[in-house]
Amino acid sequence: MSKPISAASRLLDERIGDITSALGDPTRRAVYIAVREAADPLTSTDVAELFEIHPNVARHHLDKLANDGYLEVDRRRQTGRTGPGAGRPAKCYSPSGKGIDLHFPARRHDLLVELLVRIVERSGGSDAARVAEDVGREYGEELAAEIGSPVDAEYETAVTAIARAMTGLGFEMSADPGAGRLLTSSCPFGGAAAQHPEVVCSLDRGIVSGLFAGMSRPCEPVLHPDPDDECVTEVPVSITAR
């Protein structure tokens, strides 16, 4: 006879399903972070311009987050606007009191990465880093297509969009287009990155490379890991669109 599921277990399962449903999409995670960090409530137009996506797509992500209780909605009359809808109250989104941790539980996530790294190292042998980079590049290209990254974007736009996409994956990454680099202050791979830097950093580098490729801007990033400070990923300013 199977053991009855406790109320606490059911609640945990529902909570996990709730978070996965609301924030499983990389763009939606990034949208949530943007709203949470903004000084003032954001409209769907604000988010559309920030992420360079269609307003309807922005509204979909915002409403999904609001329906699941992560954002609050208020209507405020818009000023300085002309044309259709001028003066009409706009839906503004701000963080609710429903807090979440955007990162995976450290122990489980580190364990999963640790085991995957072992699999890659044993199956690929000396080619483990190359295999990891290839996998990362493929994923980066898929991610670029999924989130609708701008094709043939200007260099600064591309670097900023990539930092935003990587933040949506759980990295704490910022763009420094003037210096031709990305700065990572926190990596979601945690301790596994410190123990297996060659494989994990190759995966990171591959994702960035794939995102650039998805914008028709081939690039060979150079990653300089620093476990005690920000990791620096050089993305040459000389790259040109295909």
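Tabulated values for the structure
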| quantity | calculated |
| --- | --- |
| Whole-number D in µm² s⁻¹ for segment 124-236, Kirkwood Cα-pair radius fed into Stokes-Einstein, 4 °C, 1.567 mPa s | 94 µm²/s |
| 3J(HN,Hα) from dihedral phi, segment 62-72, Karplus parametrisation 6.51/-1.76/1.60, rounded to Hz, x for glycine, proline | 5, 5, 5, 5, 5, 5, 8, x, 8, 10, 10 |
| Between segment 28-68 and segment 168-185, the alpha-carbon center distance in angstrom | 20 Å |
| Potential extension, Tyr139-Asp68 segment - 0.36 nm per residue separation minus Cα distance | 22.8 nm |
| Note, ³J(HN,Hα) from phi for segment 132-142, Karplus 6.51, -1.76, 1.60, rounded to Hz, x at Gly and Pro | 4, 5, 4, 5, x, 5, 4, 5, x, 5, 5 |
| Gain in span if fully extended, Asp229 to Arg130, counting 0.36 nm per residue against the direct Cα distance | 33.1 nm |
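Read the figures in this text as sums done on the coordinates, not as results from a lab. Remember, it's a predicted structure, so these values are computed and weren't measured experimentally.
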